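See below for the structure under consideration.
Derivation of every value follows stated rules applied to the coordinates shown; laboratory data play no part. Only a predicted model underlies this, so the values are computations on that prediction, with no experimental measurement involved. So basically every Cβ, Gly included, is an ideal-geometry build from the backbone, and we count neighbours across all protein chains shown.
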Amino acid sequence: MIHTEPVEQRLIGVDVGGTKVSIAVLAGGTLGEPQLEPTELSSADALIDQLVAGIRRAQGDERVDAVGVGVPSVIDWATGTVRSSVNIPLQDVPLREALRERLGLPVFVDNDASCAALAEAHGPDGVLEAANLLMFTVGTGVGGGIVVDGRVYRGVTGAGGEFGHIIIGADLTNGLPAHSRHFPQPGSLEALASGRALDALGRERGFDGGHAVVDAARAGDERAIAVMTIIGHRLGIGVASAINQFDPEVVAIGGGVSAAGDLLLSPVREAVDRFVLPGVGTRTQVRIARSGPQAGVRGAALLAGQELVLGDRVTPMQETH
């Protein structure tokens, strides 16, 4: 198991979202109050200018060892280039090098859900608690992150952890399931268990979107509880599939929909109990993510500190294979 000691490091974490940018300093395991501002979406250059200015404000006159940046995009980890980006104007931008050149600091760029997963794997003091963890982020869409032996698992190209595209409800009556030219595919976890899916189910049953469903369910409305049960069972099938593949210590569920708490978690666990292979996941804890809205910025800072120290060192698991 890898243990990193963040006490002597001063790190800056940056969480870039489609609506806001969050920047905070992590020092001695303590995260400072994040700076929040609307995301500059007019161009890649404008967004990079915004990030540089925000990082410099957070740095002030203090020493900074490294900067970590989480973005809602597919990242080529080797180069820090954004390979695919829908909600922010960074498609094909070599973000890591652009920021390193402007800031004169080590910069590491990764997917935002991977950063959130790293935050969930660590305790509030910055010490690693769960060396093997899966993160499901359930918001407008469904994303994911994977931590193996204490470090983010990215796959060969940096795109690992796209749990939203697990197929959980394909109709195989006529052979191949339905296919769309655009993602999410019919029958995928994102199509069936995301915030958009919750909105649609809620409106079908007379509610004004997903937030209204959650509020009504908390108040004991049986129709709303039934909607949350459907979404939770669907999500639980995806979680069960991931447990069958990874047998992790923890599955953490974050994102906006996770604010429903036990209304979502209870049916997730029911589905997990039904669909996880007997003997698998016997030590897996399925829980709501603990880091809340600061998961991305905290995880980005932790990523910077970890990569600064460990770099390309192999993990214990890699050493044994």
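Note that the stretch 164-206 shows a convex hull volume over its alpha carbon atoms of 80 Å³ per residue. With an a/c value of 1.5 or above and a/b not larger than b/c for the gyration tensor axes a ≥ b ≥ c computed over the alpha-carbon atoms, the stretch 244-305 is described as oblate.
Once you list every other residue whose beta carbon is under 13 Å from the beta carbon of Glu270, what net charge do they have if Lys and Arg are +1 and Asp and Glu are -1?
Values: positive: Arg234, Arg269, Arg274; negative: Asp262, Asp273.
So the environment of Glu270 carries a net charge of +1.
The residues neighbouring Gln50, those whose beta-carbon lies less than 14 Å from its own, together hold a net charge of -1 under the Lys/Arg +1, Asp/Glu -1 convention.
For the stretch 68-189, just list the percent of Cα-Cα distances falling in each 10 Å bin from zero outward, please. Per 10 Å bin, starting at zero, the Cα-Cα P(r) for the stretch 68-189 comes out as 13, 36, 32, 14, 4, 1 percent. Taken over the chain, the percentage of Cα pairs per 20 Å bin, counting from 0 up to the bin with the maximum distance, is 33, 57, 10, 0.
Once divided by 2.2 N^0.38 Å, the Cα radius of gyration of the stretch 133-289 becomes 1.03.
Test of the criteria: in the stretch 40-98, which GluC sites (Glu not before Pro) are in a DSSP loop and have at most 15 other Cβ atoms within 10 angstrom of their Cβ?
Details: sites: Glu40, Glu62, Glu97; in loops: Glu40, Glu62.
Qualifying residues, ordered by number: Glu62.
Entry for the stretch 106-153 at q = 0.27, 0.30 Å⁻¹: log10 I(q)/I(0) = -0.97, -1.08, Debye formula applied to identical alpha-carbon scatterers, no solvent contribution. 3J(HN,Hα) along the stretch 240-250, derived from phi through the Karplus expression 6.51 cos²θ - 1.76 cosθ + 1.60 where θ = phi - 60°, amounts to 4, 4, 5, 5, 4, 8, 10, 6, x, 6, 9 Hz, with x in place of Gly and Pro.
Using the average count of surrounding beta-carbon atoms within 10 Å as a protection proxy, the listed peptides 242-249, 178-185 rank, highest first, as 242-249, 178-185.
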